[in-house]
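Encoded as structure tokens, the structure appears first; notes follow it.
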Amino acid sequence: MTPPDLNGNGPRVVLSARGLRRDFAGFVAVNNVDLDVYDGNIHALIGPNGAGKTTVFNLLTKFLSPTSGRIDLLGHDITRTSPAKVARMGLARSFQISAIFPHLSVLDNVRIALQRPGGLGVQFWRSLAVLDRLTPRAEELLRSVGLDDARNRLAGDLSYGRKRVLEIATTLALDPKVLLLDEPMAGMGHEDVGTVSDLIRSVAKDRAVLMVEHNLTVVADLCDWITVMQRGEVIAAGDYATVSRDERVRIAYMGTADD
């Protein structure tokens, strides 16, 4: 699936940024970034190290506030909205470093994640039996990501790739409309990359996915649309065939004879 044509046909924009800029004590980390993420699309944000990709992620998820520019989620201006409220509105993020509870079971990791949308997030005084009503949904999520056979295992005993799958499952517990994935394939072997790629393709059927990813083979195979950054700015956007032919992209990744 690709972005709409000039007549407006196609999927809707669910997350957008216009003129996004972030300064750090005089250093411009992100400058005039425009970005549109479409429902049902997998959108990659790529670029060499230091290009500003993670800063853009932090701006979109409100871990940072922009120096200037505007961010819209599902038609609402979220430029000055808190991270917690943005998450409740349907924007969820995973991180490059796996964020799970290793000494709890796989099932309990998902049940804990389900507490927030279920309104139980701060009710630590309640009996554990109250959380039993979250078990059917937790088991459903585990089946959807292929972890139902590991429901009773300690999360810390999973392989690295399956830990990342569990992290995606806990993120999906928030029922996001837009899912941001920060280097989901980092450190994975070939088999795990295939498993996680299939999972991302599956979850993108009814939501938008924006991912930072360095594995260009994965990007070429998985992503509908690609935004390329260098030195804090967007230098190219389009499908993989388009951006891979762009001379600015080639220089950004390969350098020049004078470098």
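Every number here is computed from the coordinates shown, using simple stated rules; none is lab data. All of these numbers come straight from a predicted model, not from anything done at the bench. Cβ atoms come from the backbone with ideal geometry, glycine included; neighbour counts cover every protein chain shown.
Computed values, structure above
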item: Helix-only mean residue ellipticity at 222 nm for the chain, each DSSP H run of n ≥ 4 adding -39500 (n - 2.57), per residue, nearest 500; result: -9000 deg cm²/dmol
item: Charge dipole (debye, nearest 20) of the stretch 161-243; +1 at Cβ of Lys and Arg, -1 at Cβ of Asp and Glu; result: 160 debye
item: Fraction of antiparallel bridges per DSSP, the chain only, in percent to nearest 5; result: 55 percent
item: Most fluctuating residue given options Glu183, Glu167, Glu247, as computed from a GNM of the chain linking Cα atoms under 10 Å; result: Glu247
item: Charge dipole (debye, nearest 20) of the chain; +1 at Cβ of Lys and Arg, -1 at Cβ of Asp and Glu; result: 1020 debye
item: More than 35 angstrom apart: percent of Cα pairs within the chain; result: 17 percent
item: Expected-Rg normalisation [2.2 N^0.38 Å, Cα atoms] applied to the stretch 170-259; result: 1.21
item: Alpha-carbon spread of the stretch 28-78, three principal axes, descending order, Å; result: 29, 25, 18
